[in-house]
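Student: Handing you this structure, nothing more for now.
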Amino acid sequence: MIVYPLWHVGHQNEAGDDGSTVHVDESGVFCDESDGDDVKLLGIYSTLEGVEDRMHQARLLPGFRDEPECFHSDPYELDQDDWIEGFVRVPPGDQDRGQSLGGPPLRGGSGVADDSGFRTDRRIGR
């Protein structure tokens, strides 16, 4: 069964060349939790229509309406293992500045590996 987790990133990062906040880049919604970005799971839906309905509702609410383009959802197959070869911790300063949700190395199916953050873990393999 395919489900659709819906995430929103509240941005506070200073990842732009001039220290400005980056919301979306060429890879999608940008996220750097160690630089102040805040990721919220709004729900997990069985259809894309459910995702669209929730985004529409959320865009009317404080916080979400300030960043209406900073939602992210990818299909996720239930009962499928991710991170099957583990992960390694990457010390601050030894990694690229920030990552975009939805692309490697961030995708653990839903785009989040665990509660340790998007930047500090790198997937091995897959």
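The values are calculated or read from the model by the stated rules, or taken from the named source; none is laboratory data. Please read these numbers as outputs of a predicted model, since none were measured by experiment. Cβ atoms come from the backbone with ideal geometry, glycine included; neighbour counts cover every protein chain shown.
Student: Just give me the residues in segment 27-52 being free of Cβ contacts under 8 Å to residues at least 24 places away in the same chain and either loosely packed, with under 13 Cβ neighbours inside 10 Å or of a type in the set (Val, Ile, Thr) (or both), in sequence order.
Tutor: Here is the first cut: in segment 27-52, the residues free of Cβ contacts under 8 Å to residues at least 24 places away in the same chain are 49, 52.
Result: GLU49, single match.
Student: Would you say ILE124 is at pLDDT below 85, surrounded by fewer than 16 Cβ atoms within 10 Å (Cβ to Cβ) and on the phi < 0 side of the Ramachandran plot?
Tutor: On the way: at pLDDT below 85: yes; surrounded by fewer than 16 Cβ atoms within 10 Å (Cβ to Cβ): yes; on the phi < 0 side of the Ramachandran plot: yes.
Answer is yes for this residue.
Student: Modelled with pLDDT under 85, charged (D, E, K, R) and under 10 Å from the mean Cα position of the chain (by Cα) - does that describe any residue in segment 40-60? Spell out the reasoning first.
Tutor: Our first condition is that a residue be modelled with pLDDT under 85; within segment 40-60, this holds for none.
For segment 40-60, residues modelled with pLDDT under 85, charged (D, E, K, R) and under 10 Å from the mean Cα position of the chain (by Cα): absent.
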